[in-house]
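These notes are about the structure you will find just below.
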Amino acid sequence: MPTLESRRSQETAIDIINLIAGVVLFISPWVLGFAGDGYAWNAWIVGVVMALVAIAALVSFQQWEEWVNLVLGIWAIISPWVLGFSGNGSAMAVHVIVGLVVAILSAIALWFTRNRALDRPA
């Protein structure tokens, strides 16, 4: 059974990866060449919010932070179709990949939190 310390290390690693993913999404319009397109704002806003929520989770973990990043990850995955930029392969790929990473890792962090609550003695 993992110790509380090892779980916190895993959760910290998840938050750092989410922070990096948010930064990657934020800079992707410039790096991948879609900054002039009308949907680049989605990458900027979602990337900044992902990064800020990950920083907040690193400073003082709260379960709502993982829920917010889970929703943002799901939004990043579906946004190319909802906003109509699925035809731009690079923009779509970065949104889907970052969204999958953040959503999966946030779900794992929520699972850790849930299991930690179940491990506590009554």
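Points to keep in mind about this one:
- Exactly one residue among Ala21, Ala13 is assigned to a helix (DSSP H, G or I) and modelled with pLDDT under 95, and that residue is Ala13.
- Selection within the stretch 59-78 - surrounded by 15 or more Cβ atoms within 10 Å (Cβ to Cβ) and more than 13 Å from the chain's Cα centre (by Cα): Phe61
- Hits in the stretch 87-115 (condition: in a helix (DSSP H, G or I) and over 12 Å from the mean Cα position of the chain (by Cα)): Gly89, Ser90, Ala91, Met92, Ala93, Val94, Leu110, Trp111, Phe112, Thr113, Arg114, Asn115
- Applying the criterion of being under 21 Å from Val48 (Cα atoms) and touching a residue at least 60 places away in the same chain (Cβ under 8 Å) to the residues of the stretch 100-119, the residue that is surrounded by the fewest Cβ atoms within 10 Å (Cβ to Cβ) is Val101.
- Taken over the stretch 55-71, the residue count meeting the criterion of being within 9 Å of Ala109 (Cβ to Cβ) and assigned to a loop (DSSP other than H, G, I, E, B) is 1.
- For the stretch 79-99, the tally of residues that are closer than 14 Å to Ile20 by Cβ and surrounded by fewer than 22 Cβ atoms within 10 Å (Cβ to Cβ) stands at 1.
- Taken across the stretch 31-39, residues that are modelled with pLDDT of 95 or more and in a helix (DSSP H, G or I) do occur, with at least one present.
- Per the conditions (1) at pLDDT 95 or above; (2) of a type in the set (A, V, I, L, M, F, W, C); (3) over 18 Å from Arg114 (Cβ atoms), the sole criterion not satisfied by Val59 is (1).
The values are calculated or read from the model by the stated rules, or taken from the named source; none is laboratory data. Bear in mind that the values here come from a model prediction, so they are computed numbers and not experimental data. Don't worry about glycine lacking a Cβ; one is built from the backbone with ideal geometry, like all the others, and counts go over all protein chains shown.
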